[in-house]
Amino acid sequence: MPSCAAERDSSMPLVMAGGAALFLNPEPVADFMDFICVGEAETLLPALLRVLTVDEQIVRRELLARCAVVPGVYVPSFYQITYAGAGIASRITLDPAPPTVQRLWDGDRNGAPTVSTILTENTEFSHMYLVEVARGCPRGCRFCAAGFIYLPYRQRSMESVMEEVRKGLQKKKKIGLVGAAVSDFKGIGELSRFIVQQGGKVSVASLRIDCLDEQLVDSLKVSGHKTVALAPEGGSQRLRDLIKKNIDEEQILSACDLLIGKDMLNLKLYFIIGLPTETMADLDEMIALVAKVRDRVIDAARKNKRLGEVLLSVNPFIPKPFTPFQWCGMEDLKSLEKKVRYLQKGLGGLSNVRMQMEGLKDAYLQALLSRGDRRLAPLILQAGEKGWKKAARELKIDTDSWVRRDISLDEVLPWDFIDSGDKEKLVSEYRKAFSA
Ligand code: SF4
């Protein structure tokens, strides 16, 4: 079957896609899809399925026209896009200007529960039953896609979560609580204790530094959690303020003290490098902060005659659509490599500190797909066979012009046709970040 939608005929199935990556920016894969679901399936799918399950024989174009009027459905072939200029710098014209596609979100999170439905050993989380406790995040860190594309923040009620936990414990011993900011869930301590009291174990991906709940930490310990993850993200106070993390060093160290006091001696810390305006001085501050955390871990480990470790997960900043930092270019890979070496050297003398890193080239591709548009389709088609670099060279596609460039606030962005919330708010957050 041809990859491009334009080359497929009525005898072939329709190809659709959805999910977070697609409602961030569907444009790089738009040519391959007959239609794309923009938003949350709970709200979008019922109306779409009614359209798709018609009995009558209708031609493909007519069926797509019916899909296009379903809120949240984007049919790329109905949008004629003209680019004048190169890369993301080009002016984008939609002709004729179609209505924007609205990102749909589910207003009733106590309705359809989101839980593990297929339990198989062949998944990353095969040993636990996942239960979503909340969707979105109320914090609004300026770089974070999850904090913006799932707005508004919605919690499930405690009763409905507990009901799902009871069902889950009949299938698995461990319950994984899911949400962008699980520790913001009101009653997280009570919920985690409930799981333990029911004879289960509890797991969460990471904990918010400024609202560590002792009951939750106790429950994680009883559940055999060996490592707890915290996310300072910015190495220096200046950068934490820039990204609106709203935490300071004292809070980070207090959170570490609380965990260490509970004998949780393996701490994982998430940091981002290459944030806009970052300098080596910010990295020095990060190294100093890690040294303070590590000293605390070592002291406690000595006293308790145990081993403790600080694991750093360091990842580069990738500009994401619909965030206040969508206009900021990604840092050059060579400069990021230099920063990584600087960190490795600075942290090298610290025993019991280990650093993990996402591949920088993968991060670059993520940025390209995040900020790209339909002109990337030929590159995507050829990259599998030739590799991205060679394919880009042969196609004369300057990927840097999407990835690296700071975009001015008045430019039309490839994903601007999606109505995902308040763009003015993004502009205002961007201005606040850089006016300080
Ligand atoms: S980084 Fe974490 S706390 Fe900040 S907006 Fe994203 S999910 Fe929320």
- Message: Give me the mean projected area, in nm² to one decimal, of the convex hull enclosing the Cα positions of the range 5-102.
- Response: 6.8 nm²
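Provide Rg over Rh for the chain; use the alpha carbon set for both Rg and the Kirkwood Rh (inverse mean inverse pair distance). Write down the numbers at each step before the final one.
On the way: Rg = 23.5 Å, Rh = 23.9 Å.
Reported Rg/Rh, Kirkwood definition of Rh: 0.99.
Rank the residues ILE247, ILE272, ILE81 as a footprinting-exposure proxy: fewest other Cβ atoms within 10 Å of their Cβ go first. Can you show the working numbers first?
Details: ILE247 19, ILE272 23, ILE81 16.
Taking fewest neighbouring Cβ atoms as first place, the list is ILE81, ILE247, ILE272.
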- Per-peptide average of other Cβ atoms within 10 Å, ordering 333-339, 41-47 highest first: 41-47, 333-339
- Message: Cut-off under 17 Å on the C-alpha distance; same-chain residues fewer than 8 positions from LYS244 excluded. Which lysines are left, in chain and number order?
- Response: LYS320, LYS425, LYS432
- Message: Lone cysteines in the chain, defined as no other cysteine's Cβ under 4.7 Å from theirs: which are they?
- Response: CYS4, CYS37, CYS67, CYS137, CYS211, CYS256, CYS328
- Phi-derived 3J(HN,Hα) across the range 205-222 with the Karplus relation (6.51, -1.76, 1.60, θ = phi - 60°), rounded Hz, x for Gly and Pro, is 6, 7, 10, 6, 5, 8, 9, 6, 9, 4, 4, 5, 4, 4, 5, 5, 5, 4
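Which of rounded, prolate, oblate describes the range 78-172, given a ≥ b ≥ c as roots of the alpha-carbon gyration tensor eigenvalues and a/c under 1.5 marking rounded, otherwise prolate only if a/b is larger than b/c?
Working: a/c = 2.73, a/b = 2.27, b/c = 1.21.
Note, shape of the range 78-172 comes out prolate.
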- Item | Centroid-to-centroid separation of the range 147-171 and the range 244-267 [C-alpha atoms, Å] | 26 Å
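Which FRET efficiency value, to the nearest 0.05, is calculated for GLU62 and PHE125 with the Förster distance at 45 angstrom and r the Cβ-Cβ distance? The partial results should precede the final answer.
Values: r = 42 Å, r/R0 = 0.92.
It comes to 0.60.
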- Distant alpha-carbon pairs in the range 226-421 (separation over 30 angstrom), percent: 32 percent
- Crossing angle, helix 188-197 versus the chain [Cα axis fit, 0-90 degrees, rounded to tens]: 70 degrees
- Under a plain spin-label model, where a point goes 7 Å from the Cα along Cα-to-Cβ, how far apart in nm are LEU307 and LEU409? 5.2 nm
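Throughout, read-outs are computed from the coordinates displayed, never taken from laboratory work. Predicted, not measured: the structure shown is a model, and the values here were computed from it. In this analysis, Cβ positions are derived from the backbone assuming ideal geometry, glycine residues included, and neighbour counts consider all displayed protein chains.
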